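Worksheet: one structure, shown below.
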Protein chains: 2
Amino acid sequence: MCFFFLLSELSVYLRFYLHIKEFNMRVEIISIGDELLIGQVANTNAEWMGRELTQQGFIITAVTTVGDQGDEITRAIDNAFERADILLLTGGVGPTNDDITKHILCQYFHTALEFNDEVLQHIETVFLKRNIQLNQLTRNQAFVPVSATVIQNKVGTAPILWFDQGEKVLISMPGVPFEMKTTMHDDIIPRLQEQFQTDRHLKRTYLVSGITESALATRLATFETLLPAGFTLAYLPSFGFIRLRLSTWGEARKPEMKQQGRKLKLLLDKEFVARSEKKIEALLGEKLRKQQLTVSTAESCTGGYIAHLITSVPGASDYFEGSIVSYDNRIKEELLNVDKQTIEDRGVVSSEVVEQMALNVALKLKTQCSIAVSGIMGPDGGTREKPVGTVWICTKHADELLSVEYHVGSSREENIERTANLAIIQLLKMITRKGENQMDVKPQ
Amino acid sequence: MCFFFLLSELSVYLRFYLHIKEFNMRVEIISIGDELLIGQVANTNAEWMGRELTQQGFIITAVTTVGDQGDEITRAIDNAFERADILLLTGGVGPTNDDITKHILCQYFHTALEFNDEVLQHIETVFLKRNIQLNQLTRNQAFVPVSATVIQNKVGTAPILWFDQGEKVLISMPGVPFEMKTTMHDDIIPRLQEQFQTDRHLKRTYLVSGITESALATRLATFETLLPAGFTLAYLPSFGFIRLRLSTWGEARKPEMKQQGRKLKLLLDKEFVARSEKKIEALLGEKLRKQQLTVSTAESCTGGYIAHLITSVPGASDYFEGSIVSYDNRIKEELLNVDKQTIEDRGVVSSEVVEQMALNVALKLKTQCSIAVSGIMGPDGGTREKPVGTVWICTKHADELLSVEYHVGSSREENIERTANLAIIQLLKMITRKGENQMDVKPQ
């Protein structure tokens, strides 16, 4: 009895130790490039890496973006090594003179460059495929630090450099997103998992619509207070919807996660749309495919953006037929047969017009479902009765038409994004309600 | 003579001193939020702030992203204060429990929270406008640190907090992009400019297409070596084009900038598209408006994305009429009158099909210009003859049709983006060549 007790104690101790150890598997991302600091491009690499690594059980403690300057890069590495076990550098490894990462790393690790024939051969293969002449600048990519382990870049010319520093590692990768993603998937993540033991990150994401963030937080206040230790609830508001992420670490907590998730779903009530971290356009696609429905769009103010979101999902051709973007009123009349008198009487931003658009695009493109939108995205075109941000969205499913008026905001970019999201959610709710009797439609 | 010499020496010294002083106006951005680290949302705030602040003459030295954890936020502030004069914090100021920035700042600046009636009044006004009931969580936003200067948030509920720390400042703002942008424009940037003297950042951006980055760098190698001290040339590759940014600091270097810019433009030769840092869709819009041309699109594989890019520009209704997204072949035949036999004989990804699409969409929508695309975006649908990434783009201007075959890559997301950019540049070159006899069309 005592023996068993000790064993179980030991297992608790071991689990605790592993837990601490897991929490040491900390990653910092260092993104290098003047273009990131001056805002000429967005740091989508850090976003992607954060998502992938979190899913694999690593903890991202910080992302630092610095320019192509030696002292700044060195400082960032020093700071990151103080706290993290794994440093992932992207950028500054191109063939041009402003790219200095490789030289800074030689200084940092007290090593020199040497010519690597394998890398050269690899670069030659890449250039042959692209049918481009190899020049001296690109040839120089084959000079690599002596102390680094070199990983070939399958889809580009800058090799990946892996440095061991005691128990810690630093990996330098290209900043070109496609090259970074390829090497992360194929080489870096598998090697890191082998070298560093990681625990599983458990999470459930809930898509919620038709409620503000603060109203939702008020509703969930008690639930949050009563969450077991180690559980966190995060609010991730987007345009037109909120994602709630319930998360914790470790396989052992799965039953608790299930229980808390059920409680949460009940509390979300009618505002619950789906339990998924997928994009809403991917969710819509799944439902359409499952119910063997097809869809088309008739877009005025969103100018094709809803069609773009729907077709950004691989395999969208299974359910998406096409779209008529009727930016000009004449096109609404000529291609979508919207009644001229209706436009004159009710205005182009009205339930009557979007209903005609939704009906006729479905008729013309022979789809069971359709989405039609008309609104004022700004900065100009608003009136006292219909200010910038006024939008009518009509969704069609079989014989049913649903039109809802929304007020989306005042910035053009956000208005287009929000309108497209609201339209997709409106149709998603409509077909889910029909198919599964689960949701309610409510304007947000 | 000697006196004048001294004066000129002094002016050089003064300029040097000012130069150093200017270089002290360093900004670091600290973005706060678990959602940024785990990649659930992109850090678009840092991108926007970097762009705006650089234009105003501030130097961004680093961007640090940390989670909603007190010690990480404190550490980031400590590190940033070591090097920068201005710390801009975004995020972690919402009404929910995971938002802790305000409390951490109280600890950091050894101050306490007090209730601020003005902030409450302001929040009430915002809620009244939105027609929403004010709750306790949101009421708590009116508690602000005693030692901070409070700036009202005109478009949201979390107040902006400005802390002075000797000669340095720390400003905490909401992470909601629209709220951050509004306060940056209206309050923060003007106040910073008043408090910190800034010098002008001079830059010229050149849009280049039809050449690889390394070939371009080889061509410009001598030019780069001969650049005057203080000038930098940066390569910013995008999908389908490269931007070159020539930059330096200080009004006094304007004539040199002009001279170097001219040299550069000559070297860019036929690959030069435009001297502009504007988005290509905005450039296309300007040219169309100037030449009083209208445009429509017929999109297959891009699914409405080209129309979206064109209509993302305010005022696009001046030149954009509409679009037919013919995702399914049936729609190509029925709505765009593409000959069924041509599709069977030549395949749907062919010059013949995109030419019929471009001609017929222009005819139906009564536009002088049009863009038509058909291609295989992947991951499925490729064949041996036409692998994923094969795209035909046809652009029409008056009586002229131009169709070009491109091979864009292998990732769906990037393929859609690259195809849309190439299509816009193809039409941009076509109408500029006509209008200004300046460009040549070349596949990239």
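The values are calculated or read from the model by the stated rules, or taken from the named source; none is laboratory data. Keep in mind it's a predicted model, so treat the numbers as computed, not measured. For neighbour counting, all protein chains shown are included, and Cβ atoms are generated from backbone atoms with ideal geometry for every residue, glycine included.
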Scope the stretch A:358-395; condition in a loop (DSSP other than H, G, I, E, B), without any contact (Cβ under 8 Å) to a residue 24 or more places away in the chain and within 13 Å of chain B (Cβ to nearest Cβ); matching residues: A:380, A:381, A:382, A:387
For residue B:73, indicate whether it is part of a helix (DSSP H, G or I), more than 9 Å from chain A (Cβ to nearest Cβ) and either touching a helix residue (DSSP H, G or I) at 6+ places or on another chain (Cβ under 9 Å) or of a type in the set (Phe, Trp, Tyr) (or both). yes
Quickly run through the stretch B:317-376 and pick out the residues that are out of contact with any Asp or Glu (no Cβ under 9 Å at 6 or more places or on another chain) and of a type in the set (Lys, Arg). B:332
Touching a Pro at 6+ places or on another chain (Cβ under 7 Å), touching a residue at least 12 places away in the same chain (Cβ under 8 Å) and among the charged types (D, E, K, R): does that describe residue B:167? no
State the number of residues belonging to the stretch B:330-355 that are within 17 Å of residue B:397 (Cβ to Cβ) and surrounded by fewer than 24 Cβ atoms within 10 Å (Cβ to Cβ). 2
Given the conditions (1) modelled with pLDDT under 90; (2) away from chain A (no Cβ under 11 Å), and given that residue B:245 satisfies all but one, which numbered condition is not satisfied? (2)
Please go through (1) more than 24 Å from the chain's Cα centre (by Cα); (2) touching a residue at least 12 places away in the same chain (Cβ under 8 Å); (3) over 29 Å from residue A:104 (Cα atoms) for residue A:128 and return the number of the only condition it doesn't satisfy. (2)
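Conditions (1) touching a residue at least 60 places away in the same chain (Cβ under 8 Å); (2) touching a strand residue (DSSP E or B) at 6+ places or on another chain (Cβ under 9 Å), marked per residue:
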{"residue": "A:195", "(1), (2)": "no, yes"}
{"residue": "A:209", "(1), (2)": "yes, yes"}
{"residue": "A:218", "(1), (2)": "no, no"}
{"residue": "A:223", "(1), (2)": "no, yes"}
{"residue": "A:285", "(1), (2)": "no, yes"}
All but one of (1) buried (at least 20 other Cβ atoms within 10 Å of the Cβ); (2) at pLDDT 90 or above; (3) at the interface with another protein chain (Cβ under 7 Å from one of its Cβ atoms) hold for residue A:40; which doesn't? (2)
Among the candidates B:217, B:221, B:234, B:252, residue that is modelled with pLDDT under 95 and more than 9 Å from chain A (Cβ to nearest Cβ): B:252
Would you check if there is a residue in the stretch A:22-35 being more than 14 Å from chain B (Cβ to nearest Cβ), at pLDDT below 75 and part of a helix (DSSP H, G or I)? yes
Output for the stretch B:291-315, where each listed residue is without any contact (Cβ under 8 Å) to a residue 24 or more places away in the chain and either more than 10 Å from chain A (Cβ to nearest Cβ) or surrounded by fewer than 24 Cβ atoms within 10 Å (Cβ to Cβ) (or both): B:292, B:314
The correct count of residues that are within 16 Å of residue B:173 (Cα to Cα), part of a helix (DSSP H, G or I) and either outside the structural domain of residue B:144 (by TED's automatic domain parsing) or among the hydroxyl-bearing types (Ser, Thr, Tyr) (or both) in the stretch B:53-70 is 0
What do you reckon, is residue A:182 farther than 22 Å from residue B:244 by Cβ and facing another protein chain (nearest Cβ under 10 Å)? yes
When the stretch A:204-248 is checked residue by residue, the ones that are of a type in the set (S, T, N, Q) and within 10 Å of residue B:96 (Cβ to Cβ) are A:214, A:218
Residue in the stretch A:86-109 that is farthest from the other protein chains (Cβ to nearest Cβ), counting only those that are touching a Phe, Trp or Tyr at 6+ places or on another chain (Cβ under 8 Å) and modelled with pLDDT of 95 or more: A:109
Looking at residue A:274, is it of a type in the set (Gly, Ala, Ser), in contact (Cβ under 8 Å) with a residue 24 or more places away in the chain and in contact with a helix residue (DSSP H, G or I) (Cβ under 6 Å, 6 or more places away or on another chain)? yes
Matching residues in the stretch A:199-231 - criterion: being crowded, with 16+ Cβ neighbours inside 10 Å and either in contact with a His (Cβ under 7 Å, 6 or more places away or on another chain) or under 30 Å from residue A:169 (Cβ atoms) (or both): A:199, A:200, A:201, A:202, A:203
Answer yes or no as to whether residue A:81 is farther than 30 Å from residue B:224 by Cα, modelled with pLDDT of 85 or more and buried (at least 24 other Cβ atoms within 10 Å of the Cβ). no
Could you figure out which of (1) more than 20 Å from residue B:211 (Cβ to Cβ); (2) at pLDDT 95 or above isn't true of residue B:263? (1)
Residues located in the stretch B:48-67, provided they are surrounded by 24 or more Cβ atoms within 10 Å (Cβ to Cβ) and either more than 14 Å from residue A:66 (Cβ to Cβ) or more than 7 Å from chain A (Cβ to nearest Cβ) (or both): B:49, B:53, B:58, B:66
Does residue A:41 fit the bill of being within 24 Å of residue A:143 (Cα to Cα) and in a loop (DSSP other than H, G, I, E, B)? no
I'd like the residue in the stretch A:270-308 that is at pLDDT 95 or above and among the acidic types (Asp, Glu) and, out of all such residues, is farthest from residue A:235 (Cα to Cα). A:299
Anything in the stretch A:325-355 that is closer than 19 Å to residue A:385 by Cβ and within 14 Å of chain B (Cβ to nearest Cβ)? List them, or say none. A:329, A:348, A:349
Any chance you could count how many residues in the stretch B:53-93 are free of Cβ contacts under 8 Å to residues at least 60 places away in the same chain and of a type outside the set (Asp, Glu)? 18
